[in-house]
1. Would you calculate the separation in nanometres between label points at residue 72 and residue 245, each defined as 7 Å from the Cα along the Cα-to-beta-carbon direction?
2. Label points 7 Å out from Cα along the Cβ direction at residue 270 and residue 163: separation in nm?
3. For the pairs 21/288; 85/245; 96/232; 277/313; 85/288, flag any whose C-alpha to C-alpha distance is greater than 19 Å.
4. Between residue 3 and residues 5 or more places away or on another chain, which pairs have amide H atoms under 5 Å apart, with H built 1.01 Å from N, and which residues are they?
5. Read phi for every residue in the stretch 102-118 and hand back ³J(HN,Hα) as whole Hz from Karplus 6.51 cos²θ - 1.76 cosθ + 1.60, θ = phi - 60°, with x for Gly and Pro.
6. Considering only 325, 198, 145, give the residue with the highest GNM mean-square fluctuation for the chain, with springs between Cα atoms whenever their separation is below 10 Å.
7. How high is the FRET efficiency between residue 152 and residue 323 when r is their beta carbon distance and R₀ equals 35 Å, given to the nearest 0.05?
8. Which distance in nm do the two modelled labels at residue 64 and residue 315 give, with both placed 7 Å along the Cα-to-Cβ direction?
Amino acid sequence: MLNYVCTCCGKRTPADTRAPKCECGGLFELDFTPPRWDPSRIDRSEWSIFRYRDFMAVDGDVWRSVSLGEGMTPTVELWPGVFVKVDYTMPTLSFKDRGAATLVAHMKAIGVKQCVQDSSGNVGNSVAAYCARAGIGCEIYVPEGTSPKKIAMIQAHGAGVNVIPGSRDHCADVCRERVAKEGVYYANHVVNPFFYEGMKTYIYEAFEQLGRIPEHVILPLGNGTLFIGAVKALEHLLASGAITKFPKIIALQSEHCDPLYEARRQGLSDPAEVDVKPTIAEGIAIGKPLRGRELLEMMRRHDITVVTAPEDKILASRARVAREGYYIEHTTAANFAAWDHYCELYGPATDVLITLCGAGIKSDH
């Protein structure tokens, strides 16, 4: 049985607990160190993220009855030196399927029958789909203004949807209040460490496909699930000697919601208090990231640069990428707006990996 370790007090807790966090209030980490990277340990007969299961914390073979064939998305050179990983070509049209697959597989392994989750749309849809596959009841909380198409997809999977007035952060507070009162399982992508095990495969796949990691890696940063998973995987590859240096990671936030950008700028250890304004990059509109201290520690450890995506450049970036054949959602377009902004600030650069994290058809509203 795997164990959790509290990031605050260090207490160990069996990973089959139904509690979302430690008794002291600290968030859990998995007590798991992957074996040294060895390409021969990739299960090349498995066409999903679970081909890398030797390097992931998974509960036996339960994943076989939960997987929807997520992962193994194309990595394409869109422009000279600009590589995109087409992660919206997954079952629910978003990169969140990576983490939802490992989280829901863990839930099924420990016998969870009912769960709740809060989301700006994409991860709620992913969790709803995988819960449907696993036979687990599911309710998703979304903030007002969430794309109607994302809500329709969540409902199509048989999950209940609660639309909460106010901000994304308020929506999370309402959901967590129910968890605290009723003890229902909190299938949250930020709180539950099993989600990050799936997100690590973004890097593993790119490394297997390209045979290297590009010099620059652009990662969207709201709650930081892809960011944390990617950094963990890169640290694993570096410690294994599979790569010889850490790439330059550029993390991006919306200029209308930038608590981690401001924290880096001000040299803070915790996310800054910011005035959150509406942004079309809804997927990264997180004013109070739960793992903010952990994210900032990773940034200091690897000298990670944070930039903001100019709000008035996002739609133009979306149109430019669509002209190349990829119809992406607004939050994905923010990746390109932020990359352009990075090059304006620090000079022209190439050899970059950018995620196409969500399909445009889901966010037309």
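What follows draws every value from the coordinates through simple rules; no lab data is involved. On a predicted model such as this, the values are computed, not experimentally measured, just so you know. Every residue, glycine as well, gets a Cβ built from its backbone with ideal geometry; the counts of neighbours run over all protein chains shown.
1. 3.4
2. 3.5
3. Values: 21/288 17 Å; 85/245 21 Å; 96/232 17 Å; 277/313 16 Å; 85/288 28 Å.
Distance filter (> 19 Å) returns 85/245; 85/288.
4. 15, 31
5. Whole-Hz 3J(HN,Hα) from phi for the stretch 102-118: 6, 5, 5, 4, 5, 4, 5, 5, 9, x, 5, 10, 8, 8, 10, 7, 10.
6. Among 325, 198, 145, the largest GNM mean-square fluctuation belongs to 325.
7. Values: r = 28 Å, r/R0 = 0.79.
That gives a FRET efficiency of 0.80.
8. 5.1
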